[in-house]
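**Q** Encoded as structure tokens, here's the structure I'll be asking about.
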Amino acid sequence: MKYIAIATLNFLLFQTPSLVHGQKAEKINTLKVELANATEDTSRMRLMLSLSMTYQGFQTDSAMAYALSSLHESEALNYPKGRADALLQLARLKRDQGDVTEALDEMFVALKLYREINDNVQVGNALNDISIIYANSGDYENSLNYFKQALEIFKRTNDEKGESYALNNIGIIYQDMGNLEMAKDYFTQSLTIKQKNHDLYGISRGYTNLGAVAEKGQDWVSALRYYLKGDSLFTVTNDKQAQAINFVAIARIKEKQDKLKEARRYALMALEKGEEVKSLTTMLSASKLLADFEEKNDNYKTSLMYQKLYNQIADSLNNENHQAKLEELKARFNLEDKEREIEILRKDKELQAALMRGRNILTYSLSGGILFLTIISGLIYYAYRTTKNTRDNLAVKNKEIEQQRDDLDKLNKEKDRFFSILSHDLRAPLGSLKGLSHLILTHGDVLTPAESETIKHKIDTSLDNLTNLINNILEWSVTSSKKRKWTFSKVSPTELIQKNISLYKDIAESKSVSLVFKGDDEAFAYADYQAIDTVIRNLLSNSIKFSHPDSEITITTRKGDDSIQISVKDQGIGIPLDIQKNLFTLKGNVNQAGTKNEKGAGIGLTLCKELMLENNGNIEVKSKPGEGSEFVVSLPQFES
């Protein structure tokens with residue numbers, strides 16, 4: 001169940017689910033034309049914000065870029081309302097991307113600004129958005145507090161639409177808390193207002209909410225009545241998406257009433273409607289219900305058919321989720337690129353302005369006339385010095401721009417290589433998991449215990465590889481975006497090494513590899529604890545991966561004059577010289593299969609190198625093919 005947010009301008013803006021990409025593209029083109037012709041600054045900011053809202057859920061990077069532009073212009077003009085509107089929109093975009101901490105901070109800043117300028121409508125909207133974040137995080141107490149504050153403001157300003165949706169959201173909170181009586185009361189109040197205003201979209205949702213409360217309270221008759229009322233409105237409004245979900249709910253109720261024939265009919269209608277609107281989640285629920293119904297009727301062949309359909313849809317949803325993660329990462333990189341482009345354009349504008357000022361000074365200096373020769377001579381000299389300084393500054397800034405362009409080009413190449421690695425190495429463990437799960441699903445009844453155990457072990461290994469890869473991707477993404485907050489303190493390498501030895505002990509023993517630690521307990525480093533933990537984890541994992549059975553991995557620490565050295569040395573297959581050259585970068589192909597054909601993503605050592613540089617340290621490798629490898633990490637020594 002989802003909470004309903006209210007948009008950010010002087011009026012309430014609700015986007016219906018039927019707004020397709022073609023309609024959005026048409027609206028975007030219209031808004032861009034209006035923006036190009038706008039002469040007033042406040043109108044420009046308002047149009048930028050409208051563009052950001054239209055791009056929301058369609059092109060995240062463009063939505064963020066227009067919201068940032070609106071914020072910068074409002075700050076330059078010292079326009080509090082424009083700044084508050086832009087901050088609230090930015091916060092919603094960050095909330096949608098999962099960055100709830102920054103989103104909440106910016107919402108509270110916007111709320112403070114709205115209160116300072118007495119904009120009660122937007123105070124209510126900001127409170128509503130803050131409540132949604134608390135609700136989604138499970139903090140129902142704070143969520144209810146802010147929802148009720150928003151409700152009071154909507155009542156005071158006679159904003160019935162805002163009031164009805166605030167009541168609806170409070171009802172959802174009480175439903176999530178298990179207080180069905182309170183939930184029903186608030187849903188009923190909300191529905192009454194929506195019926196008064198003939199809000200068919202809201203009325204239909206009100207009926208389905210009341211149906212969900214009745215279903216949770218096992219009042220099947222009331223639940224069915226509400227769901228059927230909702231269905232009649234979905235037909236009127238042609239809301240196929242909601243109607244498909246509602247068919248699933250009706251099928252559940254019919255099943256509870258032991259009316260399996262009718263339940264099966266509604267489940268089939270839900271599946272058909274879900275296919276029509278391409279709603280995988282609805283198709284997933286409907287196919288599962290149909291598989292269960294057919295099994296209860298002893299139609300095992302038909303049940304198996306629906307079960308296979310369920311598995312196919314589940315796989316598609318899984319792939320969609322991974323694609324969404326990739327798109328989110330791409331959007332972040334694209335946003336950083338656009339911010340750099342904006343900065344370069346701003347500097348170009350400054351350069352042109354500086355050049356124009358120099359030209360004006362020279363022109364005014366020559367226009368004084370012969371009668372003021374002495375003054376003109378002084379002005380010419382001043383103009384000469386100013387122009388010379390301007391040209392010198394132009395040369396310096398041009399050099400800076402060229403360097404930024406080179407850096408941007410390198411970043412784009414590194415980004416492309418990163419996504420190439422990512423798409424390749426996410427596919428491998430996912431493909432392995434899909435194949436193994438298919439084997440168990442289709443041939444589980446004929447597998448021997450030993451074969452089942454082997455498959456389970458392979459699934460566990462694939463999950464470990466996928467977890468390690470995702471952890472490295474997230475760590476690399478945060479570090480590369482320069483948004484990581486570093487905490488430097490006294491760190492014990494001995495403690496970190498022993499912790500990671502315990503973590504990888506079972507994996508090492510599965511390959512008959514011994515982990516031996518020889519350390520100086522008195523050695524302490526000055527570094528970020530989480531970063532060094534990540535480096536040691538990656539080095540141990542790699543050494544185990546490339547070690548031969550019945551071999552030894554030695555981890556040592558040594559205290560120098562002003563540094564601490566950590567060494568991880570194995571007796572494995574070693575690293576060829578041509579691979580060593582690019583081992584700590586994303587250039588070329590540095591992937592090697594482990595001694596048991598384990599796969600690697602090629603970003604672990606790149607992440608280690610970046611983390612060591614951020615910690616004022618270094619990482620080096622010594623290796624020969626067939627003679628093993630030794631990775632040596634150097635860190636600043638802690639000084640009391």
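**Q** Here are some conditions: (1) modelled with pLDDT of 85 or more; (2) surrounded by 20 or more Cβ atoms within 10 Å (Cβ to Cβ); (3) of a type outside the set (A, V, I, L, M). TRP476 meets all but one. Which one does it not meet?
**A** For TRP476, the exception is condition (1).
**Q** Please state which one of GLN189, GLN175, GLN241 is assigned to a helix (DSSP H, G or I) and buried (at least 20 other Cβ atoms within 10 Å of the Cβ).
**A** Among GLN189, GLN175, GLN241, only GLN175 is assigned to a helix (DSSP H, G or I) and buried (at least 20 other Cβ atoms within 10 Å of the Cβ).
**Q** Step by step: first the residues of the stretch 56-81, then only those that are more than 24 Å from GLY98 (Cβ to Cβ) and in a helix (DSSP H, G or I), then the one that is least open to solvent (accessible area, probe 1.4 Å). Which residue is that?
**A** SER74
**Q** Please identify the pairs in which a residue from the stretch 245-257 that is more than 11 Å from THR208 (Cα to Cα) has its Cβ atom under 9 Å from the Cβ atom of a residue that is outside any helix (DSSP H, G or I), counting only partners at least 6 apart or on another chain.
**A** From the stretch 245-257, the pairs are ILE253/LYS259; LYS256/GLN218.
**Q** Take the residues in the stretch 588-640 that are modelled with pLDDT of 80 or more and more than 27 Å from GLY519 (Cβ to Cβ); name whichever of them is nearest to the chain's Cα centre (by Cα).
**A** PRO625
**Q** Being buried (at least 22 other Cβ atoms within 10 Å of the Cβ), more than 13 Å from the chain's Cα centre (by Cα), free of Cβ contacts under 8 Å to residues at least 60 places away in the same chain and assigned to a helix (DSSP H, G or I): is that true of LEU88 here?
**A** Criteria not met by LEU88.
**Q** I'd like to know if the stretch 36-55 contains one or more residues that are under 20 Å from the mean Cα position of the chain (by Cα), open to solvent by 20 Å² or more (accessible area, probe 1.4 Å) and not small (Gly, Ala, Ser).
**A** So far as the stretch 36-55 goes, no, none of its residues is under 20 Å from the mean Cα position of the chain (by Cα), open to solvent by 20 Å² or more (accessible area, probe 1.4 Å) and not small (Gly, Ala, Ser).
**Q** TYR165 passes all but one of (1) buried (at least 18 other Cβ atoms within 10 Å of the Cβ); (2) more than 33 Å from the chain's Cα centre (by Cα); (3) of a type in the set (Ser, Thr, Tyr); which number fails?
**A** Result: TYR165 passes all but (2).
**Q** Could you please find all residues in the stretch 130-141 being in a helix (DSSP H, G or I) and either modelled with pLDDT of 90 or more or open to solvent by 60 Å² or more (accessible area, probe 1.4 Å) (or both)?
**A** Matches in the stretch 130-141: ILE130, ASN136, TYR140, GLU141.
**Q** On to the next question. Can you tell me how many residues in the stretch 606-620 are acidic (Asp, Glu) and in a helix (DSSP H, G or I)?
**A** Within the stretch 606-620, residues that are acidic (Asp, Glu) and in a helix (DSSP H, G or I) number 2.
**Q** How many residues, within the stretch 285-296, are open to solvent by 80 Å² or more (accessible area, probe 1.4 Å) and in contact with a Leu (Cβ under 7 Å, 6 or more places away or on another chain)?
**A** Counting residues in the stretch 285-296 that are open to solvent by 80 Å² or more (accessible area, probe 1.4 Å) and in contact with a Leu (Cβ under 7 Å, 6 or more places away or on another chain) gives 1.
**Q** What's the total number of residues in the stretch 488-530 that are open to solvent by 90 Å² or more (accessible area, probe 1.4 Å) and either at pLDDT 85 or above or within 19 Å of GLN565 (Cβ to Cβ) (or both)?
**A** 11
**Q** Follow-up. Against the conditions (1) of a type in the set (A, V, I, L, M, F, W, C); (2) open to solvent by less than 60 Å² (accessible area, probe 1.4 Å); (3) farther than 20 Å from ALA242 by Cα, where does VAL221 fall short? Just the number, please.
**A** (2)
**Q** Something else: So, in the stretch 619-640, exactly how many residues are in contact with an Asp or Glu (Cβ under 9 Å, 6 or more places away or on another chain), of a type outside the set (Asp, Glu) and over 18 Å from SER547 (Cβ atoms)?
**A** So the count comes out to 4.
**Q** Let me ask something else. Looking only at the stretch 545-570, count how many residues are touching a strand residue (DSSP E or B) at 6+ places or on another chain (Cβ under 7 Å) and either closer than 10 Å to VAL513 by Cα or in a helix (DSSP H, G or I) (or both).
**A** Count: 4.
The values are calculated or read from the model by the stated rules, or taken from the named source; none is laboratory data. These numbers were taken from a predicted model, which means no experiment stands behind them. Quick reminder, even Gly has a Cβ in these numbers, built from the backbone with ideal geometry, and neighbours come from all protein chains shown. We work out accessible area using only protein heavy atoms, side chains counted, and drop any ligands, DNA or RNA first. Shrake-Rupley method; radii C 1.70, N 1.55, O 1.52, S 1.80 Å.
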